[in-house]
Structure formats: C-alpha cells, structure tokens
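Visitor: Structure incoming, see below.
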Amino acid sequence: MNDPFSLEGKVSVVTGGNGGIGKGIADGLAVKGSAVVIAARDEAKTAAAVEDIKSRFGVSVSGLTMDVGDPASVTAGIQKALEEYGRIDVLVNNAGVNIRKQPQDYAIEEWDKILDINLRGPFLCCQAVYPTMKAQKRGKIINTGSATSLLGLGKCVPYGCSKMGILSLTYSLALAWARDGIFVNCIIPGWIDTPLTVTARRDFPGLSQFVEDRTPMGRWGQPSDFMGIAAFLASEASDYVTGEYIRVDGGYAQHGNTVSFD
Ligand SMILES: NC(=O)c1ccc[n+]([C@@H]2O[C@H](COP(=O)([O-])OP(=O)(O)OC[C@H]3O[C@@H](n4cnc5c(N)ncnc54)[C@H](OP(=O)(O)O)[C@@H]3O)[C@@H](O)[C@H]2O)c1
C-alpha cells in the first residue's frame, strides 16, 4: 500500500517559510519528500532556510523573493515557481505581520499594510495557483489563522480582522473549489515562540508566564510543532477534510473549559 502521508513528487510553496511557524511547516512538508519553495522578502534569511532544509531532508528547495503585500510580486513569484517546477501541489499561506496598539491609534497605512499582507496576499496567492491546481485536478491550500480567527483581541484589531478573514477565505474557497479537487484548510496556532511573539513578550511583560500558566501543556509552542499538521493537510491522508480549521495550541482554547473542580 502507498503511504497516504507521502509527499514524494509534490511541489509546495510556503509563504513566510524562511522562519518561525512557516519554517516548521516547510520542514514538515520536506520530511515527507515534497520539493519546497520558500517565498518571503528577506533574501539572506531565505537562503539560510533553503540550505537548512536541503541539508536536513535532501529534497529540492528553492528560495523566492516575494512580497505578498504586492500583487505584482505575487504574480511574478508564482509564475517563477511554476517555471522552475512545472506544477504546484501545495500552497501554504503563512506570511503574516502584526502591529499592536489601541484601535483608536492606528493609521490608515497600518491597517492597509496588515490587511494587504495577511488577507489580500493569501487571496491573490490562491488566485495565482488556481489555474494550475484546476488543470492538475488536485491541490491543497493551507492557510495560517490565529486564535483571533475565532475571538476578539482589543490591541490587535486589524490583525484580528485579517485572521477572521482568513477563516472566511478558507470556508468559501473550500466550497467554491471542492469539485476542482482543491482542498482548503486553516491551521490555528496558539502562542508560538517565534520572532513575531518575541516583540509581543517585549511589549507585554508577564505574557510569557501568562501563556505557560494558561496553556494546559504548560509551554509555548515551537515551529517544529507544525511539521505533522502541515504534512497531514498536504497529503492524501486528509482527502476528506476541507473547509476546516485545526488548532495547534497545546490545549489553550480548552483552558477552563471543564466541569471538573479539582
Ligand atoms: N507566533 C504566534 O504565536 C502566532 C500565533 C497565531 C498565528 N500566527 C501566524 O503565523 C504566521 C507566521 O508567524 P510567525 O509567528 O512564524 O512570525 P514570524 O517569525 O515573524 O514569520 C513571519 C513570516 O512572514 C514573512 N513575511 C512577512 N511579511 C511578508 C510579506 N509581505 N511577504 C512575504 N513574506 C512575508 C516573514 O519573512 P520576511 O520578513 O523575510 O518576508 C516571515 O517568514 C503568521 O501568519 C502569524 O500571524 C502566529
């Protein structure tokens, strides 16, 4: 029997795959045999990620300089990946940014930047891979949401709107493209130790301890915690799963959600 988790012969594009959660996702796809295209802005960081994945997993890996906030860059980047590999089987929309402040203090440019990168960018990436995935009669799209895809957060209004939007995009594209053989799902991370949350811990002293206390598993998540879920959602093993979100949060969402009193 074929391994339903195998990604041999597949090509995956991971936006924001040069660090943090995206690198964990890229590692998970590579360990199951997928060729990986790392798409991000910082070329030095991307080159380091490419070398690391090549040396650890022995798969074909390329770096792509792409700004998902820039529509022309998305079109050119996906085209370049297609020219190099001839197919795209998996698209991971993971690139994301945040600016934390009170709602009344955001400038329009800050709102636009967050929404452009976190929501419009993923939509444009999906549009760009659609003709190829449709022609292949198969494709897997994995979006990165956030706890704010489901809950409000007062100091992250534009970010929360973008992440609720990502879930809506997941649900709606799953419906629109199911008969094209395109699966669309969303990963919802809890509190993960990455450069994004280093700044949150700097800005909010006490956050680190709060997360450890409140997370049932008692620890922050690590990028490597995303390897398995990425491989699963990219593979045949998840072929009856679409329009779904899966939390990777150490049980954070269930904190206090119990009838037990001990
Ligand atoms: N860490 C958490 O606790 C947490 C929780 C929930 C959700 N998330 C989500 O998880 C995703 C990854 O975050 P992370 O924590 O791993 O943060 P991170 O380490 O800061 O990674 C963000 C990634 O996105 C890339 N990126 C940012 N802007 C981009 C742009 N305009 N075009 C292309 N790539 C861009 C960055 O690379 P370049 O700078 O080189 O472009 C980097 O690879 C984000 O969508 C974030 O919202 C994180």
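Only the coordinates and a few stated rules stand behind these numbers; no lab work does. Values in this document were obtained by computation on a predicted structure and should not be read as measured data. Reconstructed Cβ throughout: ideal geometry from the backbone, glycine too, with neighbour counts over all protein chains shown.
Visitor: List the relative contact order of the chain as a percent without decimals, with contacts defined as Cα pairs under 8 Å and 6+ residues apart.
Guide: 21
Visitor: Once the Cβ-Cβ distance between D3 and F210 is put in as r, and R0 is 45 Å, what FRET efficiency do you end up with, to the nearest 0.05?
Guide: Details: r = 41 Å, r/R0 = 0.90.
The computed FRET efficiency comes out at 0.65.
Visitor: GNM, the chain, Cα, under 10 Å: largest mean-square fluctuation among I108, I229, I21?
Guide: I108
Visitor: Please report how far the C-alpha centroid of region 9-39 lies from that of region 216-240, rounded to the nearest whole angstrom.
Guide: Here the answer is 13 Å between Cα centres.
Visitor: Would you work out the relative contact order for region 36-153, in percent, from Cα pairs under 8 angstrom that are 6 or more residues apart?
Guide: 27
Visitor: Ok, one more. List the lysines whose alpha-carbon lies under 17 Å from that of K140, not counting same-chain residues fewer than 8 positions away?
Guide: K10, K32
Visitor: So what is log10(I(q)/I(0)) for region 1-87 at q = 0.17 1/Å, when the Debye sum runs over its Cα atoms only?
Guide: Each listed q maps to, in turn, -0.63.
Visitor: Can you tally the net charge around K140? Count Lys and Arg as +1, Asp and Glu as -1, for every other residue whose Cβ sits under 13 Å from the Cβ of K140.
Guide: On the way: positive: K10, K32, R87, K137, R138; negative: D89, D180, E236, D239, E244.
Summing Lys/Arg as +1 and Asp/Glu as -1 gives 0.
Visitor: Suppose a student asked you for the relative contact order of region 120-200, using Cα pairs under 8 Å spaced at least 6 residues apart; what percent would you report?
Guide: Relative contact order here is 37 percent.
Visitor: Based on Cα coordinates alone, diagonalise the gyration tensor for the chain, multiply each eigenvalue by 5, take square roots, and list the semi-axes in whole Å, largest first. Can you show the working numbers first?
Guide: Numbers: eigenvalues 160, 90, 70 Å².
Gyration-tensor ellipsoid for the chain: 28, 21, 19 Å.
Visitor: In terms of modelled amide H atoms, which long-range or inter-chain residues lie less than 5 Å from the amide H of R247?
Guide: For R247, the qualifying residues are I188.
Visitor: Right, next: Which residues' amide hydrogens lie under 5 Å from the amide hydrogen of L91, considering only partners 5 or more residues apart or on another chain, with H built in the peptide plane?
Guide: The answer is V13, K140, I141, I142.
Visitor: Follow-up question, since we're still on this one. Could you identify which residue out of K155, K113, K54 has the top mean-square fluctuation in a GNM of the chain using Cα springs shorter than 10 Å?
Guide: K155
Visitor: Among residues other than I88 whose Cβ falls under 12 Å from its Cβ, what is the net charge (Lys/Arg +1, Asp/Glu -1)?
Guide: Details: positive: K10, K80, R87, K134, R138, K140; negative: E83, E84, D89.
Counting the neighbours of I88, the net charge comes to +3.
Visitor: Okay, moving on. Could you tell me the calculated FRET efficiency between A176 and K113, based on Cβ-Cβ distance and R0 = 22 angstrom, to the nearest 0.05?
Guide: Efficiency computed from Cβ-Cβ geometry: 0.20.
Visitor: What are the membrane-span-like helices in the chain by this rule: whole DSSP H runs, Cα extent along the axis at least 20 Å, mean Kyte-Doolittle hydropathy at least 0.5?
Guide: Working: long enough: 43-57 (21 Å, -0.37); 71-85 (21 Å, -0.09); 121-136 (23 Å, 0.30); 157-177 (29 Å, 0.90).
Counting only whole DSSP H runs, the qualifying helices are 157-177.
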